[in-house]
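**Q** Dumping the structure here so I can ask a few things about it.
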Amino acid sequence: MSALGSLYGLLIYKDAGYDWQWLGFPLLDSGVQIARTKDTHQLLLRKLYPLHSMEVSAYTTMDNNMVLQLTIFTACDEDVEAQLAVNSDIEKTITLTCTDSKELRYLSSEHTLEQVNLELNGRSTKIDFTPWNIAELKKDQFKQLHPTYFERLGESPEFQWSRD
């Protein structure tokens, strides 16, 4: 399958029910997409890596940490180990959990996201979060958590906090 066909498949089939929008021009810029959940109005960012059949997502926790979610779209029947280094931390062994026999998934909570190095099955992927506009996720969450402050400034936050 060509890279373009793989990208199309990931974009259409793996939309997870969200209306993803591009942050820039998909083939010229970073390829990062942005969406908001329908139920909690949480802002999400993701980037697809079609040659690796992988999706990398980032979103915030209630205490303003970042969640890193790695999803590899592949048939599986057991969990798989990989090597991961987040930001400047030392590389560590992680477990990607086999979900529904069709994908491997890993979640971690991080204080910041700058870069990630993932090694899986002898293949290395470097993810640079610089063009992701991670600061927008934290700003959006702050606005949702403190709407009265912004209302006093004359701004009306578009969304109210609705997560547990």
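**Q** Within the range 75-93, count every residue that is open to solvent by less than 60 Å² (accessible area, probe 1.4 Å) and either touching a Cys at 6+ places or on another chain (Cβ under 8 Å) or closer than 29 Å to residue 40 by Cα (or both).
**A** So the count comes out to 4.
**Q** Return the residue satisfying two criteria in turn: it lies in the range 62-74 and is in contact (Cβ under 8 Å) with a residue 12 or more places away in the chain and either farther than 18 Å from residue 48 by Cα or basic (Lys, Arg) (or both), and of such residues it is most open to solvent (accessible area, probe 1.4 Å).
**A** Out of the qualifying residues, it is 62.
**Q** With respect to residue 140, determine if the residue is open to solvent by less than 50 Å² (accessible area, probe 1.4 Å), modelled with pLDDT under 95, of a type in the set (Asp, Glu) and not in a strand (DSSP E or B).
**A** So residue 140 passes the test.
**Q** Which one is farthest from residue 55 (Cα to Cα), of the residues in the range 94-121 that are open to solvent by 70 Å² or more (accessible area, probe 1.4 Å) and assigned to a loop (DSSP other than H, G, I, E, B)?
**A** 111
**Q** With 105, 123 as the choices, which residue is among the basic types (Lys, Arg), over 14 Å from the mean Cα position of the chain (by Cα) and modelled with pLDDT of 90 or more?
**A** Every option except 123 fails the conditions.
**Q** Any residue in the range 126-134 that is open to solvent by 70 Å² or more (accessible area, probe 1.4 Å), assigned to a strand (DSSP E or B) and modelled with pLDDT under 95?
**A** Looking through the range 126-134, at least one residue is open to solvent by 70 Å² or more (accessible area, probe 1.4 Å), assigned to a strand (DSSP E or B) and modelled with pLDDT under 95.
**Q** Let me ask something additional. Restricting to the range 45-54, count the residues that are open to solvent by 20 Å² or more (accessible area, probe 1.4 Å) and in a strand (DSSP E or B).
**A** 2
**Q** Out of curiosity, is residue 97 farther than 25 Å from residue 31 by Cα and either of a type outside the set (S, T, N, Q) or free of Cβ contacts under 8 Å to residues at least 60 places away in the same chain (or both)?
**A** Taking the combined requirement at face value, the residue satisfies it.
The values are calculated or read from the model by the stated rules, or taken from the named source; none is laboratory data. The structure displayed is predicted, hence computed values, not measured ones. FYI the Cβ positions are ideal-geometry reconstructions off the backbone, even for glycines, and counts take in every protein chain you see. Heads up: the accessible areas ignore ligands, DNA and RNA and are worked out on the full protein's heavy atoms, side chains in. Shrake-Rupley method; radii C 1.70, N 1.55, O 1.52, S 1.80 Å.
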